[in-house]
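Some notes on the structure that comes next.
Since every read-out is calculated from the coordinates, none of them should be taken as a lab result. Nothing here was measured: the structure is a model prediction, and the numbers come from that model. A quick note on method: Cβ atoms are made from the backbone with ideal geometry, for glycine too, and the neighbour counts reach across all protein chains shown.
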Amino acid sequence: MSQKAKQGFVKVRMTVSSTLARAGAVIERPEDEARRLIAAGYAQPYDEGQEYAIRAELAQLADRVAALEAAVGAKAEKEQAKEK
């Protein structure tokens with residue numbers, strides 16, 4: 001048997017878009033290819049429980065973006081008030 005026939009498949013989450021998949025997609029690849037993708041920074045190991053953590057992180061990021069947008073909007077209003 002060849003080495004490739006024995007190896008299993010591993011799920012990874014793509015961190016960048018490529019011809020394999022778009023960024024954020026979970027794909028299943030042979031172990032050696034998955035290791036190369038992870039080492040190159042194109043993917044990260046996938047954990048089944050990871051979805052909930054990602055959603056929580058996205059919610060936190062959305063809150064931070066909203067706060068930053070509010071701060072930038074307030075600064076722009078102050079600058080417009082100074083011009084008048």
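Quick one: if the Förster radius is 30 Å, what FRET efficiency do Lys11 and Glu79 give, using the C-beta to C-beta distance and rounding to 0.05? Please list the in-between numbers first.
Numbers: r = 49 Å, r/R0 = 1.64.
With a Förster radius of 30 Å, E is 0.05.
Note on Leu68 and Arg36: the extension gain reaches 7.8 nm, defined as 0.36 nm multiplied by sequence separation minus the Cα-Cα distance. For the chain, the longest principal axis of the alpha carbon atoms and the long axis of helix 31-40 meet at an angle near 30°. Rounded to the nearest 500, the helix-only mean residue ellipticity at 222 nm of the chain stands at -19000 deg cm²/dmol, with each DSSP H run of n ≥ 4 adding -39,500 (n - 2.57). In terms of its alpha-carbon gyration tensor, the range 1-46 comes out prolate; a/c meets the 1.5 threshold, and the first ratio a/b outweighs b/c.
Going through (i) 16.1; (ii) 13.5; (iii) 14.1, the figure that equals Kirkwood radius over Cα pairs in Å as computed for the structure here is (i). Sequence-ordered 3J(HN,Hα) estimates for the range 9-23 from the Karplus curve with 6.51, -1.76 and 1.60 and θ = phi - 60° stand at 10, 10, 8, 9, 9, 5, 9, 9, 6, 8, 5, 6, 5, 7, 4 Hz, glycine and proline given as x.
Run the dipole for the chain about the Cα centre, Lys and Arg Cβ at +1, Asp and Glu Cβ at -1, nothing else charged, and hand back the magnitude in debye, nearest 20. Spell out each step's value before the answer.
Values: 14 positive and 13 negative charges, 47 e Å.
With only Lys, Arg, Asp and Glu charged at Cβ, the dipole is about 220 debye.
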